[in-house]
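The values are calculated or read from the model by the stated rules, or taken from the named source; none is laboratory data. From a predicted model like this one, the values you see are computed outputs, not experimental measurements. Cβ atoms come from the backbone with ideal geometry, glycine included; neighbour counts cover every protein chain shown.
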């Protein structure tokens, strides 16, 4: 009995991880599906259920590397292909991208990267005819690819042109190129700890940043790391942990966290002694928020609601000492952790989101008591979602006043504080030339306002 030439040889080590990686890469590039949707929750790739932890980690790295270096990969492959990437077979494209990513940046033997990419296309009806092409191009990549990397090094190809143009206009060419270089590196694991950062840095083979965040290069399942089951820490980028600091001492204060899931900032507030009402409009995200708070043994009132509508209730007006608005945004500051963002977002998305951000800010003002503090933040590098949003609010609300942030409030890191007194972190901040894997921050904006 013969076996179909298209039957996937699942017994080959590493092939299942690469097949799922190719599916997910196709989902981002051709179906505009986010990585989060494909990796977690009810709509996650069905193959993840049977993938071993080691293969799951490999799969994630394959996808992240291909997306993080997508522009450079396309440039290199264009130099190795006479007619460009095959347009009629997405699996052939993804096999080339994944194969080249392994050859150029991952610790995978060249012959294994080539062989497994060829097997990927052989198992696909539309792509099988390109098996010979895949084999030839990836072998050339192994011989010539690194020289082509040098040729592309100064071109910032891994940031879409529209985004690079925006960053250059707002931050200047030097900072824009520094941001582009920083987001090409795989980020470290950042943890907010309940107490004793030095102890947990030692336990987790990492280091304690000046802000108190513990940073480590450990990989694998986070749930298996020391301290996770006991709820001693939670995953949170060092930049994302800064906005809550702008409230100062929150003990005994009633604070609304209007876009709370997955709950890192809510956890900070509760751990600091605040009485917190945490909202999110998604039932699934609120369920995840509750799970995270339960693991951490941190109680908060959780609500499934549209924050702008919830804030319009007259009974809640002027009842909060503080309001945190971590607003939905384009998330362009998180590209190093979520590399799909660079290729899924468009310039036109910004205008749609600024309207929502404005409504959330107006609702937050309504909730505040006189003398209450509003902290607004976004994980976006786009000024419309940060500086300009606050300028618009201040122009329309005469009863609000900006309270400038001092360097001391952000662990003495003066480069994180703007001339206006807001916080602006860039992926190129906290650079570590000796080991770029330990450097960098998500791009965040945060401002602090007080209601007169």
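Out of all the residues in the stretch 419-435, which are surrounded by fewer than 15 Cβ atoms within 10 Å (Cβ to Cβ) and either in contact (Cβ under 8 Å) with a residue 60 or more places away in the chain or on the phi > 0 side of the Ramachandran plot (or both)? Selection gives 421 alone. Looking only at the stretch 32-49, residues that are in a helix (DSSP H, G or I) and either surrounded by 12 or more Cβ atoms within 10 Å (Cβ to Cβ) or in contact with a helix residue (DSSP H, G or I) (Cβ under 8 Å, 6 or more places away or on another chain) (or both) come to 7 in all.
The residues in the stretch 183-210 that are touching a residue at least 40 places away in the same chain (Cβ under 8 Å), surrounded by fewer than 21 Cβ atoms within 10 Å (Cβ to Cβ) and part of a loop (DSSP other than H, G, I, E, B) can be counted, and the count is 5.
Condition check ((1) outside the structural domain of residue 285 (by TED's automatic domain parsing); (2) more than 22 Å from residue 381 (Cα to Cα); (3) modelled with pLDDT of 95 or more; (4) more than 16 Å from the chain's Cα centre (by Cα)) across all residues:
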| site | (1), (2), (3), (4) |
| --- | --- |
| 178 | yes, no, yes, yes |
| 195 | yes, yes, yes, yes |
| 220 | yes, yes, no, yes |
| 241 | no, no, yes, no |
| 249 | no, yes, yes, yes |
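Summed over the stretch 139-149, the residues that are within 28 Å of residue 345 (Cβ to Cβ) and either more than 28 Å from the chain's Cα centre (by Cα) or outside any helix (DSSP H, G or I) (or both) give a count of 1. When residues in the stretch 150-169 are screened for being in a helix (DSSP H, G or I) and surrounded by fewer than 15 Cβ atoms within 10 Å (Cβ to Cβ), 6 of them pass.
Number of residues in the stretch 376-388 that are touching a residue at least 40 places away in the same chain (Cβ under 8 Å), farther than 20 Å from residue 245 by Cα, out of contact with any strand residue (DSSP E or B) (no Cβ under 6 Å at 6 or more places or on another chain) and in a helix (DSSP H, G or I): the value is 1. If the condition is being under 14 Å from residue 264 (Cβ atoms) and outside any strand (DSSP E or B), then the stretch 211-220 contributes 211, 212, 213. Screening 35, 51 for residues that are under 20 Å from the mean Cα position of the chain (by Cα) and assigned by TED's automatic domain parsing to the domain that holds residue 141 leaves exactly one candidate, 35.
Any chance you could count how many residues in the stretch 389-418 are assigned to a helix (DSSP H, G or I), touching a residue at least 24 places away in the same chain (Cβ under 8 Å), over 20 Å from residue 330 (Cα atoms) and in contact with a strand residue (DSSP E or B) (Cβ under 8 Å, 6 or more places away or on another chain)? Counting residues in the stretch 389-418 that are assigned to a helix (DSSP H, G or I), touching a residue at least 24 places away in the same chain (Cβ under 8 Å), over 20 Å from residue 330 (Cα atoms) and in contact with a strand residue (DSSP E or B) (Cβ under 8 Å, 6 or more places away or on another chain) gives 3.
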